[in-house]
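The values are calculated or read from the model by the stated rules, or taken from the named source; none is laboratory data. Everything numeric here is computed off the predicted structure, so don't read it as measured data. Please note: Cβ atoms are built from the backbone with ideal geometry, for glycine as well, and neighbour counts cover all protein chains shown.
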Amino acid sequence: MAQKVSQQGSRSLKNRTDSKSTLSSKSNKKGDTKSKTKAGLVKPASSQLRTKKIKKINTSDFGGLSQGLLLIIHDLMVKSRVLEERVIKIYKAGEGYFWIGGPGEEAFGIPLGLLARKGQGLANDWFHLHYRCTPTLIALGMPMIDAVRLMMNRVTDPSTGGRNFAGHYCFPKWNVAPVTSPIEVQYPLACGTAHAQKRAGFNAISIVTGGDAGTAEGDFASSLVWSSRKGNELPVLITVQNNGFGISTPFDGQHGETQIADRAKAFNIRSRVINGNDPIESYLAIKEEMEYIRKTGKPSFIEVKVTRLYGHSSADGANRKNELFDSVLEFEKKLISAGIIKDIEAKSIWEKYEIEGVQAQEKARTEPSPTSQSVWDHVFVDNENADWRKF
């Protein structure tokens with residue numbers, strides 16, 4: 001039986017307030033709505049409630065972003081965090097084999113997903129992501145249950161049919177290429193889709209993300225070479241989420257350069273370092289770099305400083321590091337202080353997604369796991385794709 005919501009153990013919810021609130025009947029209502037944003041995303045319930053009541057604020061304090069957009073970003077950051085904490089609980093309850101994810105990277109991952117041109121085909125942006133990309137998938141519109149099914153290895157998992165680790169997503173409808181366990185192989189692959197986009201004449205871009213330790217791999221260096229050849233530059237947004245560690249190795253013990261972004265300068269690639277714990281700085285920086293790439297067809301490089309809030313993975317316990325900066329809670333405090341959202345409304349958002357997470361777990365628990373008979377499905381061996389001569 002899943003943990004009752006009234007006794008939910010969300011660390012973030014506990015940390016953000018010492019007062020306990022009983023779930024209201026309103027929390028059990030679905031937060032879905034037909035109201036859409038300009039980006040085609042559903043508005044969070046909080047933004048709908050406060051459309052007429054909200055006080056005008058000085059938007060310059062928030063980078064000029066609208067109050068509605070700030071509420072959307074907050075809502076999605078909370079949703080991503082609650083989802084990550086839910087799948088960690090699933091692992092610790094013995095209902096999953098391994099967890100790895102991106103709690104602490106919401107302030108960067110959410111804006112990245114919101115700003116991309118979502119869709120299928122070369123006219124839309126391509127995603128080559130690593131296994132800490134849940135916030136970006138949430139911003140693209142992934143329902144919680146799809147991540148839970150992947151975590152619990154159910155055949156209903158749309159990404160892998162229940163045959164891969166948590167966070168290893170694949171959504172062809174959004175140009176999300178399969179997330180792989182071998183690190184940094186996604187970097188040169190991004191150059192491939194960017195090359196195809198350039199040949200097709202679209203101003204779409206390919207987006208690639210990865211960790212700081214993986215930049216020691218040759219695949220990463222290859223992407224810098226192939227994306228920057230003079231006269232043949234590629235429309236690639238190259239990002240590195242630097243959380244300060246590679247498993248258990250500190251950044252300072254692995255890197256000779258001062259900033260990873262410095263490496264892009266040797267290839268004449270435009271580069272910058274941003275505070276990935278600030279969703280406003282992240283949103284504005286990503287927007288600016290995407291516009292640059294679409295306009296010039298040339299690559300751009302962003303090093304993103306983020307927090308590894310729950311450690312590397314379940315291999316080191318997946319326990320919260322309370323001493324680290326929490327971008328979700330800090331952003332929420334800022335919104336409350338400015339009067340953009342009330343504390344009670346913020347609580348209801350956390351509670352709403354706690355309910356959705358529990359329901360997703362209960363639903364996935366009733367669904368089947370892959371069988372041994374299907375182990376060779378969707379692979380090249382003896383498959384219609386096995387013989388290149390038939391392509």
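Here's the yes/no breakdown for (1) surrounded by 21 or more Cβ atoms within 10 Å (Cβ to Cβ); (2) among the acidic types (D, E); (3) free of Cβ contacts under 8 Å to residues at least 60 places away in the same chain:
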{"site": "L112", "(1), (2), (3)": "yes, no, no"}
{"site": "M142", "(1), (2), (3)": "yes, no, yes"}
{"site": "V148", "(1), (2), (3)": "yes, no, no"}
{"site": "R163", "(1), (2), (3)": "no, no, no"}
Check your understanding: In the set K265, K298, K321, which member is surrounded by fewer than 20 Cβ atoms within 10 Å (Cβ to Cβ) and under 30 Å from D75 (Cα atoms)?
Key -> K321
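Just to be sure I understand, how many residues within the stretch 235-279 are part of a loop (DSSP other than H, G, I, E, B) and closer than 27 Å to E330 by Cα?
Total satisfying the criteria: 10.
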Exercise for review: Being assigned to a loop (DSSP other than H, G, I, E, B), among the aliphatic types (A, V, I, L, M), in contact with a Gly (Cβ under 6 Å, 6 or more places away or on another chain) and over 18 Å from T193 (Cα atoms) narrows it down to one of L324, L309, L284, so name that one.
Suggested key: L309
Check your understanding: Take the residues of the stretch 353-380 that are within 13 Å of V155 (Cβ to Cβ) and small (G, A, S): which is surrounded by the most Cβ atoms within 10 Å (Cβ to Cβ)?
Key -> A364
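If you check G246 against the conditions, is it of a type outside the set (F, W, Y) and surrounded by 19 or more Cβ atoms within 10 Å (Cβ to Cβ)?
yes
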Revision key, fill the gap. Scanning the stretch 67-118 for residues that are over 11 Å from the mean Cα position of the chain (by Cα) and among the β-branched types (V, I, T) gives I72, I73, V78, V82, V87, I88, I90, I100
**Study point:** Close pairs from the stretch 338-349: first hydroxyl-bearing (S, T, Y), partner modelled with pLDDT under 95 and assigned to a helix (DSSP H, G or I), Cβ under 7 Å, at least 6 apart
**Key:** S348/S27
Exercise for review: Check A93, A107, A123 and return the single one that is more than 21 Å from T180 (Cα to Cα), touching a strand residue (DSSP E or B) at 6+ places or on another chain (Cβ under 9 Å) and modelled with pLDDT of 95 or more.
Suggested key: A107
Practice item. Can you confirm whether the stretch 80-101 contains a residue that is in contact with a Cys (Cβ under 7 Å, 6 or more places away or on another chain) and either surrounded by 24 or more Cβ atoms within 10 Å (Cβ to Cβ) or more than 30 Å from K342 (Cβ to Cβ) (or both)? Key: no
